[in-house]
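The values are calculated or read from the model by the stated rules, or taken from the named source; none is laboratory data. Given the structure is predicted, the values throughout are model-derived calculations rather than measurements. So basically every Cβ, Gly included, is an ideal-geometry build from the backbone, and we count neighbours across all protein chains shown. Surface accessibility is based on the protein's heavy atoms, side chains included, excluding ligands, DNA and RNA. Shrake-Rupley method; radii C 1.70, N 1.55, O 1.52, S 1.80 Å.
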Amino acid sequence: MTRKVLIVDDDPFIRKLIETTLEDVGGVRVVEAGDGQEALAVADREHPDLVLLDVMMPRLDGIEACRRLRAKPDTADVPVVMLTASDRFEDRAKAAAAGADRYLRKPFSPLDLLRLVEGLPKRRG
Amino acid sequence: MSAVRADQLVDVVRLRAEADAYARESQARERQLHRYAADLRETFIEERARTQELRDSYVATVRALTNAVEARDAYTGSHAERVTAYGLALALEIDPKLAADPQVEFGFLLHVIDKVAVPDGILHKQAPLTEDERRLIEEHPDTGCRILRHVDYLTGAKSVIRSHHERWDGTGYPDGLRGEEVPLAARIFAISDALDAIMTDRPYRRGVPLAAARSEIVRCAGKQFDPMVIEAFQRIPDAELELIRQEIE
């Protein structure tokens, strides 16, 4: 079964970049959301194998979105990778506290992104 | 300050904030794109190194196979390597692209592979072959291609291997191809093979000097050999062919 990754970023340019990298090179299916609020709805509906979550977003930021994903039984176990700005250490601490599994510094290396997604266990069931 | 001016000020502040946000966003995008470019460069360099490695291992494999076949036949020595060098010089004279095609080189080197099926008694014979012996060899013309049939990366080479005994006038074997039906690389090969055969000492006769070998080959233009390839052959200086001969003993 193809793995499914939820990309959450308010910049459509970055979403497109990640989508192209993961779908064309990584052979992964991608679903998208433009902010934390939308991310929760899409995660509920799509059951992704991984969530790539930007921190700074309108409406609901990535930290809060991560916390809420963790609070719901349906999405409590989904691996979350936070996309953090490289110069904001406090983001990383907050991301860890909110239950993120990993973080990827922006600007991220597409090769790192691919390695991260390829190392992902396939979703059971 | 009038009400209109205050409105304008609010607009200016708002526009500036928007412009700043937009600038930050573009910078972030630009940094991200640079990161992609850096990875792409790295990947490209690695990929090229890997391709080169793969190509080197192909060449090594083909040479190993060639040497293994030639090891059975003490008289030919480095025949395959010499013929390949003559052939590539000739290919370069006709079309540099052809000379750069590794399949052509592989085909030249591996033309000896059908010797695998030739009995020792015939291979090591100290005299010219009898009619029966010659027929036996010609009955197994596609041995080489059969041995290599599952080796996909040698697809181009196989056409040379199959057709290197064809003749321009259609009297060759195994398929009796005529003129340009014979693949160009095989037409080239036929001349370099003949050159090496004529010039190399055999148990039953001495090798012939280059000038004599040349005229013997040129005499067969339009019969055994493609006249166009013969013309190219005539443009290659003696010194170049002598050098190949000296270097590959």
> Can you tell me which residue in the stretch B:200-213 is surrounded by the most Cβ atoms within 10 Å (Cβ to Cβ), limited to those that are free of Cβ contacts under 8 Å to residues at least 24 places away in the same chain and part of a helix (DSSP H, G or I)?
Replying inline: B:ALA213
> If A:THR2 satisfies every condition in (1) surrounded by 15 or more Cβ atoms within 10 Å (Cβ to Cβ); (2) assigned to a loop (DSSP other than H, G, I, E, B); (3) hydroxyl-bearing (Ser, Thr, Tyr) but one, which is the exception?
Replying inline: (1)
> Within the stretch B:24-41, is even one residue in contact with a helix residue (DSSP H, G or I) (Cβ under 9 Å, 6 or more places away or on another chain), part of a helix (DSSP H, G or I) and over 18 Å from A:PRO12 (Cα atoms)?
Replying inline: yes
> Residues of the stretch B:1-23 being in a helix (DSSP H, G or I), more than 17 Å from A:PRO12 (Cβ to Cβ) and either among the hydrophobic types (A, V, I, L, M, F, W, C) or in contact with a Pro (Cβ under 8 Å, 6 or more places away or on another chain) (or both), which ones?
Replying inline: B:ALA3, B:VAL4, B:ALA6, B:LEU9, B:VAL10, B:VAL12, B:VAL13, B:LEU15, B:ALA17, B:ALA19, B:ALA23
> Residues in the stretch B:44-98 that are without any contact (Cβ under 8 Å) to a residue 60 or more places away in the chain, surrounded by 14 or more Cβ atoms within 10 Å (Cβ to Cβ) and of a type in the set (Lys, Arg): how many?
Replying inline: 2
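Give the residue, chosen from B:ALA197, B:ALA232, that is in a helix (DSSP H, G or I), among the aliphatic types (A, V, I, L, M), farther than 27 Å from B:ALA68 by Cβ and open to solvent by less than 40 Å² (accessible area, probe 1.4 Å).
That would be B:ALA232, the only listed residue that is in a helix (DSSP H, G or I), among the aliphatic types (A, V, I, L, M), farther than 27 Å from B:ALA68 by Cβ and open to solvent by less than 40 Å² (accessible area, probe 1.4 Å).
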> Taking the stated definitions as given, is A:LYS94 open to solvent by 20 Å² or more (accessible area, probe 1.4 Å) and under 14 Å from the mean Cα position of the chain (by Cα)?
Replying inline: no
> Quick one: what pairs do we get from the stretch A:87-103, first residue within 23 Å of A:LYS72 (Cβ to Cβ), second at pLDDT below 85 and open to solvent by less than 90 Å² (accessible area, probe 1.4 Å), C-beta under 9 Å, 6+ apart or different chains?
Replying inline: A:ASP91/A:ALA85; A:ALA100/A:ARG92; A:TYR103/A:ASP91; A:TYR103/A:ARG92
> Looking at A:ASP24, A:ASP61, A:ASP9, which is the one that is charged (D, E, K, R), closer than 26 Å to B:ALA21 by Cβ and modelled with pLDDT under 95?
Replying inline: A:ASP61
> Can you find even one residue in the stretch B:176-184 that is at negative phi and among the small types (Gly, Ala, Ser)?
Replying inline: no
> Among the residues of the stretch A:64-78, how many are in a helix (DSSP H, G or I) and open to solvent by 50 Å² or more (accessible area, probe 1.4 Å)?
Replying inline: 5
> In the stretch B:23-63, what count of residues is obtained for those that are among the basic types (Lys, Arg) and away from every other protein chain (no Cβ under 11 Å)?
Replying inline: 5
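For the stretch B:12-29, indicate whether the set of residues that are surrounded by 12 or more Cβ atoms within 10 Å (Cβ to Cβ) and charged (D, E, K, R) is non-empty.
So far as the stretch B:12-29 goes, yes, one or more of its residues are surrounded by 12 or more Cβ atoms within 10 Å (Cβ to Cβ) and charged (D, E, K, R).
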> Can you name the residue in the stretch B:133-174 that is of a type in the set (Phe, Trp, Tyr) and at pLDDT below 90 and is also farthest from the chain's Cα centre (by Cα) among such residues?
Replying inline: B:TYR173
>> Suppose we filter A:VAL81, A:VAL30, A:VAL8 for residues that are under 18 Å from A:LEU111 (Cα atoms), open to solvent by less than 10 Å² (accessible area, probe 1.4 Å) and more than 14 Å from chain B (Cβ to nearest Cβ); which single one remains?
In response: A:VAL81
> Can you find a residue in the stretch A:55-63 that is open to solvent by 10 Å² or more (accessible area, probe 1.4 Å) and out of contact with any helix residue (DSSP H, G or I) (no Cβ under 8 Å at 6 or more places or on another chain)?
Replying inline: yes
> Out of the stretch B:235-249, which residues are in a loop (DSSP other than H, G, I, E, B) and either open to solvent by 30 Å² or more (accessible area, probe 1.4 Å) or without any contact (Cβ under 8 Å) to a residue 24 or more places away in the chain (or both)?
Replying inline: B:PRO237, B:ILE248, B:GLU249
> Does A:LEU111 count as within 14 Å of chain B (Cβ to nearest Cβ) and open to solvent by 40 Å² or more (accessible area, probe 1.4 Å)?
Replying inline: yes
>> Checking B:ASP132 against (1) more than 27 Å from B:ARG214 (Cα to Cα); (2) surrounded by 14 or more Cβ atoms within 10 Å (Cβ to Cβ); (3) of a type in the set (Asp, Glu), only one condition comes out false. Which one?
In response: (2)
